[in-house]
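Here the structure is laid out as C-alpha cells; the discussion comes afterwards.
All of the numbers you see were taken from the coordinates with simple rules; none came from a lab. This one's a predicted model, so the numbers in the text were calculated from it and none came from an experiment. Note that we place each Cβ from the backbone using ideal geometry, even for glycine, and neighbour counts take in every protein chain shown.
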Amino acid sequence: MKNVEEIGTTEQGELIINVGPQHPSTHGVLHLVITLDGETIRNVEPHLGYIHRSIEKMCESLSYRQFIYVTSRMDYLSSHINNHGCAMCVEKGLQIEVPPRAKVIRVLMDELTRLASHQLWWGALAMDVGALTPFFHAFREREMINSIMEETCGARLTMNYMVPGGVMIDLHPNFQPGVKEFITHFKSKIDEYDELVTDNVIFQNRMKGVGTLSKEDAISYGCTGPTARGSGVRCDVRKLFPYEVYAGLRFDEIIETGGDCFARYMVRMKEMRQSLSIIEQLIDNIPEGDFQAKTKAVLKLPKGEFYTKIETARGEFGVYIISEGGMTPYRIKFRSPGFSNLSALNHMARGYKIGDLVAIMGSLDLVIPDIDR
Amino acid sequence: MADEEMNAKGEGLKVKIGEWLPLAQWEEGPEWTTLLVEPASWPEAAKLLRFTPGLDFDFLFCLTCIDWKTHFTMVYHFRSTLHGHELVVKSKLDHNQPAIETVSRIWRTAEFHEREAYDLFGVNFLHHPDLRRLFLTDEWVGYPLRKDYEDPVNMIKL
C-alpha cells in the first residue's frame, strides 16, 4: 500500500498516472500506478492492501469450525468453494469420512457457484469493454442461482454452508426443481451470450491478440485457473487431483492455446457449459442418507501439517493448516489464486495501450478481497 | 491418488534429488516429500530443482513462513507441470535476523509472495529486485504475523 500518490512525469518524459483504488474497471479497491509512454503502457505496479484484513492472523484465534466462515469474505464470488476447501482440510486432519449425499451436494453447490461467478465476470467484462446490455442478461440468470442458494443456505453471497463433515443443513425441497428450471433456462440463454458478445466483431477486436501470456510465463508466474488454461497449461485441480465425486463425472478440462484475452474468455465460456453438464449429471442422482458426518462438538486437529487444494472459479485455492494439537490453528495460510494471477499483470500489460489494460484486467477476473485477504 | 502410489513417487524423488544433493536432509511427513535445506545452500538447490531434467519443478504454488518463536521456517510448495510430482522445501531461519536468498528470478511468482512474507514476517530476501511492504503502509511498525506482535489498536483478542 502506498500513502503518497505519485503523479507526474519521469525523466524520460513518461507519464505516471494512478488507476484506483476507486475505479470502476478495477472491480474493487485495487490501486495501479501506471507508467505511460504516450498511450503505451511501460509499467504497471499494483499497490495492494486496501482491503487487507489479515485473515490469516484472525484465523489463529478462531476454532476449526469458526475460521471457515471468514473465508467466505475472501473470494466472495466463490464463497462455497472457499468454505469447501477449508472443510476438506479439517476433514483431512481429523480423517472424517464425508457421507455420499454431502459430497454430491457440495459438488452441486460448487458448480452453481462457478456458474454464478462466471456469469458475473462475463457481464462485468462486457461492461468494461463498452457493452452495457450483457450485464443485465448475466444478472438475470445469476439471480436464479442466488435464489436457489437463498432457499437452501439462507444467504445469497456469503453462504457458509460447508462445515467439517458435510453441509450445514439438508437441501430445501425446492432445490431440485429450482435447479432443473435454471438448467433449462440457462441452456437457451448461453447461446444468446455467444451471439451477443462472443461473435461480436468489436468485442473480438478488443480481446484478440491483447495481453498475451505464454505457457512458460503462466507457469513461472504461478497462474492457475482459466488464466493459465487460456495459455495452454493443464492445471484443473478437479482433473489433476480429483476430490469428492469429480473422478466419476464426465467433463472436459478446457484448454485454449491462444494465451490472449480472448483465449481466457473462451475458457470461461466453455467452462460454463461443462459446469451445466456436471449439474445435469448429478441433480437426479443425489444419494439418500446423512448430509453430515457425526463430529465432536470441539474439533482438535492432531499435531502436524495439512494442505488441501480446490478449484475455485479463479483457479487453485490452497489451505495450509499447521496444527500444534490445540483448538485453534497455529498458523494458517491461504494460497489464493487471484494473488498469483495478479502478479502476471505487469508482464501481460507492458507494451499494450492503456485502453487494453481494462480488457486484460477483466480477462483475469480479479476479486480484490481474495488477493488482499 | 492412492497412498502407495504417492509413497513410491516420493521415494523415487528422494533418490533422484539425492543424486544431485548428496547431503539432502528429509523430514518425515504424512503427505509430502519434504526436503530440508540450509539457507546458505538454498540458491544452489533451487536451481537444481528447477532445471535438472527429471525434476523440473517449474511451478511454485505456495510460499510462506511460519514463526516458531525460536526460529522461522520458510515453506515452499513445488509441483512439476511436466511430471506431476510435488515437493515441499523447508528452510530454518534465525529468529533475530531472518534472511534467505530470493528465488524470484527462477520462479517469478516468488516476487510477490516474498514481498508478502517480508511484509508480514519481516523475512529479508537477499537480492530481491523490489523488497517493499506489499499490504501494509511503508510506515507500519512491526510484522503482524509474528507470534510476539502486539497492536492494542487494531488487534482484537478472543
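Would you list A:K309, A:K92 from fewest to most Cβ contacts within 10 Å?
Values: A:K309 24, A:K92 17.
So the residues, fewest neighbours to most, are A:K92, A:K309.
Using the count of nearby Cβ atoms within 10 Å as a rough guide to exposure, how do A:R229, A:R250, A:R273 rank from fewest to most?
A:R250, A:R273, A:R229
How would you classify chain B from its alpha-carbon gyration tensor, with a ≥ b ≥ c the square roots of the eigenvalues: rounded for a/c under 1.5, else prolate if a/b is greater than b/c, otherwise oblate?
Values: a/c = 2.15, a/b = 1.78, b/c = 1.21.
Here chain B falls in the prolate category.
Can you give me the C-alpha center-to-center distance between segment A:94-172 and segment A:1-74, rounded to a whole angstrom?
26
Per-residue Cβ counts within 10 Å, from other chains only, averaged over A:238-247: what number is that?
Across the residues of A:238-247, the mean count of other-chain Cβ atoms within 10 Å is 1.
Need one number for segment A:195-337: average projected area of the convex hull over its C-alpha atoms, nm².
11.7
Would you mind estimating how fast the protein assembly as shown diffuses translationally, via Stokes-Einstein at 20 °C and 1.002 mPa s with the Kirkwood radius over Cα pairs, in µm²/s?
D, rounded to a whole number, is 90 µm²/s.
Of A:F241, A:F139, B:F78, how do they rank once you tally other Cβ atoms within 10 Å and put the fewest first? Working shown, then result.
Working: A:F241 18, A:F139 14, B:F78 24.
Exposure proxy ranking, most exposed first: A:F139, A:F241, B:F78.
Counting only other chains, and only Cβ atoms inside 10 Å, what mean value do you get across the residues of A:220-228?
Neighbouring Cβ atoms belonging to other protein chains average 4 per residue here.
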